[in-house]
Amino acid sequence: MTQRKYPIGIQTFSEIVKGNYLYVDKTDIVWNLAHYGKFIFLSRPRRFGKSLLTSTLESYFKGEKQLFEGLKIMELEQEWEEYPVLHFDLSIAKAQPTPEALRDRLLFILNEYTKIYGSGEAETMPGSMLQGLIRRAYEQTGKQVAVFIDEYDAPLLDRLHEGEDLQKIREVMQEFYVPLKANERYIKFCFITGITKFSQLSIFSTINNLLNVTLDPRFAAISGITEQELTTTLREDIGILADTYQLSWEEMHQKLKLQYDGYHFSENAEEIYNPFSLLKCFHQQKVANYWFESGTPTFLIRQMQHFNTDIMSFDKLEVPATAFDQPTEAMTTALPLLYQSGYLTIKDYDRESNIRQRIKHLYPLHSQSRS
């Protein structure tokens with residue numbers, strides 16, 4: 001058996017397809033998401049394929065049919081209509097020292113599209129520039145616009161407990177998002193993704209029809225690798241790794257399961273494995289703590305310090321279903337953020353009492369050994 005090409009660090013759908021890299025086909029779920037609503041919000045932990053998902057949606061709305069040949073979406077899509085796309089990655093706007101610096105960085109990000117659609121003299125603020133781009137893209141193409149905002153929370157996370165500074169940063173972001181609702185008739189689809197969940201009142205105050213699909217079982221498997229995909233699409237890869245470790249296929253599968261476990265994005269949903277960990281494992285031919293070793297976010301450490309968190313207290317803890325699905329700025333414990341960032345997961349669900357039992361996911365923060 002020959003080891004396949006793994007897209008380590010590659011988050012662009014077109015590059016994965018053209019480069020003949022391994023791709024786990026999610027395009028049927030992507031199509032369903034694209035037709036589920038107009039304004040969609042999804043949060044996922046880091047390195048869980050959010051950017052690849054966004055890139056796949058972008059290629060779909062650009063009508064790049066040739067990239068999807070042989071994939072599941074071909075049985076669902078008939079039109080393949082092309083729409084103008086505005087795609088913004090706000091990870092490059094994080095850790096800005098002042099609201100003015102953040103505003104300038106947002107203008108820099110937006111400016112890339114003025115080379116395509118032009119700009120207006122009065123567009124001196126991020127919101128006004130975004131509105132101008134949306135309307136000009138619509139006017140110049142005669143088509144509604146698809147808007148993608150990746151890592152939407154990046155500018156805010158490091159300011160969670162900075163009071164007045166957080167409020168000023170939040171106001172800059174509110175001004176940026178205003179055109180999304182105000183220009184709804186010019187928008188075909190809007191997809192916003194990040195790690196955490198800020199409330200609509202604090203960030204998306206004007207987008208009162210934003211659909212949050214984070215815990216929707218219909219989209220639980222839209223990013224990451226399911227148990228079924230691991231044992232079918234990646235069956236050959238498990239076999240190659242088994243040869244390296246001189247184990248049977250079944251023994252290797254169990255070793256991967258014990259090492260990487262499975263993450264649950266809704267009650268009774270199938271297990272989802274972190275794609276970065278699995279693909280890095282297959283690429284390196286070594287079972288190791290890749291996700292944990294890639295770093296713990298500073299904002300999470302600060303949140304835990306703020307609430308004097310003992311992560312061991314969350315192990316096998318039973319909590320109401322609403323306990324972890326809280327807006328980031330309204331949290332009273334670090335538990336919701338630990339779940340949203342990937343350190344805790346749903347283990348069991350009691351439908352009658354609406355209680356979820358959770359267990360530490362992947363690796364505890366204080367150790368590299370599993371719980």
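For the reader, a short list of remarks on this structure follows.
- When each of LYS5/LYS255; LYS65/LYS143; LYS62/LYS286; LYS143/LYS197 is checked by Cα-Cα distance, pairs over 29 Å: LYS62/LYS286; LYS143/LYS197
- Inter-label distance, nm, simple model (7 Å from Cα along the C-beta direction), ASP25/ARG235: 1.5
- One way to sum up the overall shape of the stretch 1-108 is the equivalent ellipsoid from its Cα gyration tensor, whose semi-axes run 28, 19, 13 Å, largest first.
- Alpha carbon centroid spacing (whole Å) that separates the stretch 118-146 from the stretch 9-88: 24
- Rotationally averaged projected area of the stretch 80-177 (alpha carbon convex hull; nm²): 6.4
- For the set ARG44, ARG235, solvent exposure ranked by accessible area (probe 1.4 Å, protein chains only) runs largest to smallest as ARG235, ARG44.
- Carbon/sulfur fraction of accessible area - the stretch 1-98, other protein chains in place, 1.4 Å, %: 45
- Note on exposure: THR54, THR98 ranked by accessible area (1.4 Å probe, complete protein assembly) read THR98, THR54, with the most exposed listed first.
- Seen from GLU270, the other residues with C-beta closer than 11 Å to its C-beta sum to a net charge of -3, counting Lys and Arg as +1 and Asp and Glu as -1.
- Farthest positive-ward along the stretch 247-290 dipole, Cα basis, beta-carbon charges - from ASN274, GLN285, MET252: GLN285
- When all protein chains stay in place and ligands, DNA and RNA are ignored, the 1.4 Å accessible-area order of ARG170, ARG135, ARG185, largest first, is ARG185, ARG135, ARG170.
The values are calculated or read from the model by the stated rules, or taken from the named source; none is laboratory data. For clarity, every value in this text was computed on a predicted model and none was experimentally measured. Virtual Cβ from ideal backbone geometry, glycine too; neighbours counted across all protein chains shown. Keep in mind that these areas ignore ligands, DNA and RNA; they rest on the heavy atoms of the full protein, side chains included. Shrake-Rupley method; radii C 1.70, N 1.55, O 1.52, S 1.80 Å.
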